[in-house]
């Protein structure tokens, strides 16, 4: 069965430092991978996706993610964190070999950026 | 939150009452989804619809019902059979078959007492 794991419930970084939010996945075929961000009491906002091609994907607000097939990972990164990046981040996967179009979401990682 | 609207933002109901959550989109998207979000549990799929007049159960469909009579609308009814209805409910939509990401509405927080 397809699944996605976010091993850290919370990540704390200082403003200006690089940040990484980890995600690992399990699917039977080639994965479609996504990152979303959620601010309190709001819906999810799409950040970036990996479907095929270059393993380094660039997205919104300066975020990027690296697809690593051998480690089945899709970690979210940003070179220099901002206080405004503090939010809840979700990794999601879709197995293109499965019927249906829904995404499977991780449990989320809370990012806290201190000034 | 794009062109997806959910109303109301906050909803309070008494136990035993059915309640319907609204989801409307003006993005001309084919597929629509309902998720439930509980603290520390991520998002869980309730129902989804890939086309008008057709929908499928997700992982936690028990106690919920939906309809898809119009492309723009995908209302969710939380019935009295849902044992723990208090949660944050998110509606999403997706465009063509080659658009894989979903776009989310602002959510409805339902509290049942």
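The values are calculated or read from the model by the stated rules, or taken from the named source; none is laboratory data. This is a predicted model, so every value here is computed, not measured. All Cβ positions, even for glycine, are placed from backbone atoms using ideal geometry, and neighbour counts span all protein chains on display.
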*Out of (1) over 27 Å from residue B:45 (Cβ atoms); (2) within 14 Å of chain B (Cβ to nearest Cβ); (3) in contact with a helix residue (DSSP H, G or I) (Cβ under 8 Å, 6 or more places away or on another chain), what's the single condition that is false for residue A:53?*
(3)
*Candidate set from region A:105-115 (those that are more than 8 Å from chain B (Cβ to nearest Cβ) and in a strand (DSSP E or B)); member that is surrounded by the fewest Cβ atoms within 10 Å (Cβ to Cβ)*: A:114
*Taking only region A:12-31 into account, find how many residues are within 13 Å of the chain's Cα centre (by Cα) and either surrounded by fewer than 20 Cβ atoms within 10 Å (Cβ to Cβ) or not in a strand (DSSP E or B) (or both).*
4
_So in region B:33-43, with the set limited to residues that are within 9 Å of another protein chain (Cβ to nearest Cβ) and either under 8 Å from the mean Cα position of the chain (by Cα) or surrounded by 13 or more Cβ atoms within 10 Å (Cβ to Cβ) (or both), which one is nearest to residue A:107 (Cα to Cα)?_
B:42
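With the requirement that a residue be farther than 15 Å from residue A:13 by Cα and either within 14 Å of chain B (Cβ to nearest Cβ) or at pLDDT below 95 (or both), what does region A:75-94 give you?
Within region A:75-94, A:90, A:91, A:92, A:93, A:94 meet the criteria.
Given the options B:59, B:30, name the one that is exposed (fewer than 14 other Cβ atoms within 10 Å of the Cβ) and over 19 Å from residue A:38 (Cβ atoms).
Exactly one of B:59, B:30 is exposed (fewer than 14 other Cβ atoms within 10 Å of the Cβ) and over 19 Å from residue A:38 (Cβ atoms), namely B:59.
Here's the yes/no breakdown for (1) facing chain A (nearest Cβ under 10 Å); (2) modelled with pLDDT of 95 or more:
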residue	(1), (2)
B:45	yes, no
B:57	no, no
B:65	no, yes
B:71	no, yes
B:80	no, no
B:95	no, no
*With the checklist (1) modelled with pLDDT under 95; (2) in a strand (DSSP E or B) in hand, flag the one item residue A:41 doesn't pass.*
(2)
*Select from region B:1-27 the residues that are within 13 Å of chain A (Cβ to nearest Cβ), farther than 20 Å from residue B:67 by Cα and surrounded by 12 or more Cβ atoms within 10 Å (Cβ to Cβ) and list them in ascending order.*
B:1, B:2
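Anything in region A:44-72 that is part of a loop (DSSP other than H, G, I, E, B), surrounded by fewer than 16 Cβ atoms within 10 Å (Cβ to Cβ) and within 13 Å of the chain's Cα centre (by Cα)? List them, or say none.
None; the set is empty.
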